[in-house]
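As structure tokens, the structure follows; a few thoughts come after it.
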Amino acid sequence: MADPVEITRALTESAERVIIGKREAVRLAVIALLADGHLLIEDVPGVAKTMLARTLARSIGASFRRIQCTPDLLPTDITGLSIFNQRTAEFEFSPGPIMANIVLCDEINRAPPRTQSALLEAMGERQVTVDGVTHRLSRPFCVMATQNPIEYEGTFPLPEAQLDRFLLRMTIGYPSAEAESTMLLRLQLSHPIEQVQQVLSLEDLVAAQEEVRRVFVHQKVRDYVVRLVQATRSHSDVALGASPRGSLALLRCAQAWAACEGLGFVLPDHVKPLVEPVLGHRLVLAPEARLAGRTPKAILDHITTTVEPPVGEHYAGP
């Protein structure tokens, strides 16, 4: 089963057994997997950020490791280290938790900058280097990081270079009253994650990721993506706009969205809803804009309304 439509349906149904009433959040998480990127979940405690990562890992039969970030966490606690074996008189590499298919970095902003930087090579190049030896990471590989946007004491804000390596940033939000009541009923006797079964293989997901890359993108749609990203660089409220990596991320997510809907080509309507989750965390606002209380979301909403999408084109190709 390498069909992105079937994979999206299977993963969504599996995740919604645990994450109730949050289809949009689940959809963004599935898009991140299909687009072969990393996901930053920024929300208050107790809204199932960790459960979402664990559920997706179980659903695809992936190896899953959790890193609980604390101020005393060392880089080798993530990447692993070489240990001297007295019996063989040689150093042997002991892999760290980064050597998994899905890695949950819980409260990533509580790790010190030196430890946060240990993730850069893994997230950007899908490899880690320890003691001069490079170790490739297996596919699929996805870092799902969480952080609490409310509590800042004892935290280390993520630098722009690391934020730029996250394909998407999303929130989950509080459930509705009806969804919360259903959640209480399901959790009364046992946690629903215990009933989550594998619905596809890792090979299926990797094949679907390749299918996503083959989704056709018309020149006009590519130009639309570029105009949106360049508008972030020239906006008066933005000190540092999105990088070319942001353009690629927006395009890749739009391809994944189109593939989820069974389309072989990208529409402007696939691009526009993804602008804020893909580009919002990549912007550095000007000091005056921050003092005025402006937000990346408000700026990107303004950009999407002023940058005109292409119209009247045959996006399926020539």
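If you scan the stretch 97-155, which residues turn out to be acidic (Asp, Glu) and either within 21 Å of Gly246 (Cα to Cα) or touching an Asp or Glu at 6+ places or on another chain (Cβ under 6 Å) (or both)? Correct list: Glu121, Glu125. In summary, His135 fulfils each of the numbered conditions (1) part of a loop (DSSP other than H, G, I, E, B); (2) surrounded by 13 or more Cβ atoms within 10 Å (Cβ to Cβ) with the single exception of condition (1). For Ser82, the test of being of a type in the set (Ser, Thr, Tyr) and modelled with pLDDT under 90 is passed.
Within the stretch 241-261, restricting attention to residues that are within 17 Å of Gln219 (Cα to Cα) and among the hydrophobic types (A, V, I, L, M, F, W, C), which residue is surrounded by the fewest Cβ atoms within 10 Å (Cβ to Cβ)? Of everything passing the filter in the stretch 241-261, Leu248 is surrounded by the fewest Cβ atoms within 10 Å (Cβ to Cβ).
Candidates in the stretch 227-240 are the residues that are part of a helix (DSSP H, G or I) and not aliphatic (A, V, I, L, M); of these, the one that is surrounded by the most Cβ atoms within 10 Å (Cβ to Cβ) is Thr232.
Residues of the stretch 148-168 include at least one that is under 23 Å from Val18 (Cα atoms), modelled with pLDDT of 90 or more and surrounded by 21 or more Cβ atoms within 10 Å (Cβ to Cβ). The helices (runs of 4 or more DSSP H) found entirely in the stretch 156-226 that carry 3 or more residues being within 24 Å of the chain's Cα centre (by Cα) are 160-163, 202-213.
The residue pairs whose first member lies in the stretch 271-292 and is in the same structural domain as Gln255 (by TED's automatic domain parsing) and outside any helix (DSSP H, G or I), whose second member is crowded, with 20+ Cβ neighbours inside 10 Å and among the small types (Gly, Ala, Ser), and whose beta carbons are closer than 7 Å, counting only pairs six or more residues apart or on different chains, are Leu283/Ala242.
Counting only strands (runs of 3 or more DSSP E) that fall entirely inside the stretch 29-130 and contain at least 1 residues that are more than 18 Å from Leu168 (Cβ to Cβ) and without any contact (Cβ under 8 Å) to a residue 40 or more places away in the chain, the qualifying elements are 64-68, 80-85, 90-95, 127-130.
The values are calculated or read from the model by the stated rules, or taken from the named source; none is laboratory data. Since we're looking at a predicted model, the values are computed, not measured. Here the Cβ is made from the backbone with ideal geometry for all residues, glycine too, and neighbour counts use every protein chain on show.
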